[in-house]
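Presented below is the structure to which this report refers.
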Amino acid sequence: MAQVLRIGDADEGLLAVVAGEAREAVRGGVPAAIRFARTLGDRSVLPGSGGTADSLSVLATVAAADLTVARVVEPHLDALAILDQAGEAPAAGGYGVYAAERPGLEPVRADGGTLTGTKPWCSLAGGLDRALITAVERGQRRLFDVDLHAEGVHAVPGMWVSRGLVAVDSGDLRLDGVPATPVGEAGWYLARPGFAWGGIGVAACWYGGAAGLATALIAAASRRTPDQIGLAAIGEADRLLWAARGALEGAAARIDRGRATGEAGALLAARVRGVVADAAERVLVLVGRALGPAPLTFDEDHARRVADLTVYLRQHHAERDDARAGEALLSAGGTWG
């Protein structure tokens, strides 16, 4: 049965439909996930519009069904939110968002309406239709909308050797004089309020993935009466997931009240992502200890979910993110909570 994860006052009927559709998308692989993402984009509520709890709940519910599908859906919905904030209409097709940089790799350059260079961490660049890509223009970072079918676009094959999120190839993308449409002014992409909100959306996916994994504890208890250690694992997992959901609920409320912009939004995102990432990592440990090696070695769905969540969680930079949050807290006057 598909799992519904309701955050705040999200529409439970909508989530039930999303959960069922997500399970169907799992069977069709990445192409079906892209089609599903586009369908969701046509009817999903954007964050910051008064229904942020619905937006986060959709991401969590999709992730509870399958993390590969979530990894396709999340950036597409983020791209739509970015374009909406910029006052731009999206083109047809499935979107990615490619904003990462890699030490030692020169950033992509924008010149005369074209992009040239190599962009790292470009998930599904060979399968999507479009992407929002950051590049340096006159010394400043700027966002551009790019047709991934255009001449001069080359997804580098053979780089992705991950054992988690195997189908979400996230290698380099080479761009050679590719036409690109600016989205927002120079510096706008990082300064906009939704930059922090997008990071909270990723955390909703971590929460959903962990909640989906934790159901293995309940399933095991239905097959064999758990001892006190087994009950403790279930209780701790419930407590962790409850706290993670609470952090997301609080974030949704703050976003919709206009209290998550600027430095406040960045600090909120750091807090929420840290709480959810810690909970998800601990759930990975709890489930592994409670169930032992059997599901990791004989249950395809379980083993894949563990590997997928392990890789997905590394989008959180752990102590480095905490250090940035500590700096932001001190800059804001050192007030807790």
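General observations
- Contour minus Cα-Cα distance for L296 and T39 (0.36 nm per residue): 89.2 nm
- The stretch 12-85 shape via C-alpha gyration tensor axes, a/c threshold 1.5: oblate
- Once both labels are positioned 7 Å from their Cα atoms along Cα-to-Cβ, the gap between A191 and D9 label points is 3.4 nm.
- Averaging 1/r across all pairs of distinct Cα atoms in the stretch 31-182 and inverting the result yields a Kirkwood radius of 15.9 Å.
- Normalised contact order of the stretch 1-138, rounded percent, pairs of Cα under 8 Å and 6 or more residues apart: 22 percent
- Modelled label positions at T335 and A221, each set 7 Å beyond Cα in the direction of Cβ, lie 4.0 nm from each other.
- Based on C-alpha pairs under 8 angstrom that are at least 6 apart in sequence, the stretch 190-331 has a relative contact order of 37 percent.
- Proximity of backbone amide H atoms, modeled 1.01 Å from N, is registered between R141 and G187 at under 5 Å, excluding neighbours fewer than 5 places apart on the same chain.
- Positive contributions from Lys and Arg (+1) and negative ones from Asp and Glu (-1), summed over other residues with Cβ under 12 Å from the Cβ of L213, come out at -2.
- Rounded to 0.05, the FRET efficiency of the H317 and R109 pair, given R0 = 41 Å and the Cβ-Cβ distance, is 0.95.
- Extended-chain gain in nm, criterion 0.36 nm per residue less alpha-carbon gap, E101 and E327: 79.2 nm
- Among the trypsin sites (Lys or Arg not before Pro) found in the stretch 208-281, those both in a DSSP coil and sparsely packed, with 13 or fewer other Cβ atoms within 10 Å of their Cβ, are R224, R257, R259.
- Low-density loop cleavage sites - trypsin sites (Lys or Arg not before Pro) in the stretch 141-189, where at most 14 other Cβ are within 10 Å (DSSP): R163
- Chain lengthening between D238 and V166 when straightened (0.36 nm per residue, less Cα-Cα): 23.1 nm
- Simple point charges give the picture: +1 on the Cβ of Lys and Arg, -1 on the Cβ of Asp and Glu, and for the stretch 214-337 a dipole about the Cα centre of about 160 debye.
- Taking only the alpha carbons of the stretch 190-331, we obtain Rg and Dmax values of 16.8, 53 Å in that order.
- What you get for the stretch 27-115, charging only the Cβ of Lys and Arg (+1) and of Asp and Glu (-1), is a dipole of about 340 debye around the Cα centre.
- Positive contributions from Lys and Arg (+1) and negative ones from Asp and Glu (-1), summed over other residues with Cβ under 10 Å from the Cβ of R130, come out at -3.
- Derived scalar couplings between HN and Hα for the stretch 169-183 equal 3, 10, x, 7, 10, 9, 10, 10, x, 7, x, 8, 9, x, 10 Hz in order, rounded to whole Hz, by the Karplus curve 6.51 cos²θ - 1.76 cosθ + 1.60 (θ = phi - 60°), x for Gly and Pro.
- Furthest towards positive pole of dipole, A53, G29, V17, structure part the stretch 14-64, Cβ charges: G29
- Electrostatic bookkeeping for G292 treats Lys and Arg as +1 and Asp and Glu as -1; over the other residues with beta carbon under 13 Å from its beta carbon, the sum is +1.
- Between the beta carbons of E151 and T116, assuming R0 = 22 Å, the FRET efficiency works out to 0.95 to the nearest 0.05.
- Once divided by 2.2 N^0.38 Å, the Cα radius of gyration of the stretch 95-186 becomes 1.02.
- The stretch 108-214: GluC sites (Glu not before Pro) falling in loop per DSSP and having at most 14 other Cβ within 10 Å: E151, E185
- Its Cα centre serving as origin, the chain has a Cβ charge dipole (Lys and Arg +1, Asp and Glu -1) of approximately 500 debye.
All of the numbers you see were taken from the coordinates with simple rules; none came from a lab. On a predicted model such as this, the values are computed, not experimentally measured, just so you know. Ideal geometry is used to build each Cβ from the backbone, glycine not excepted, and the neighbour counts take in all protein chains shown.
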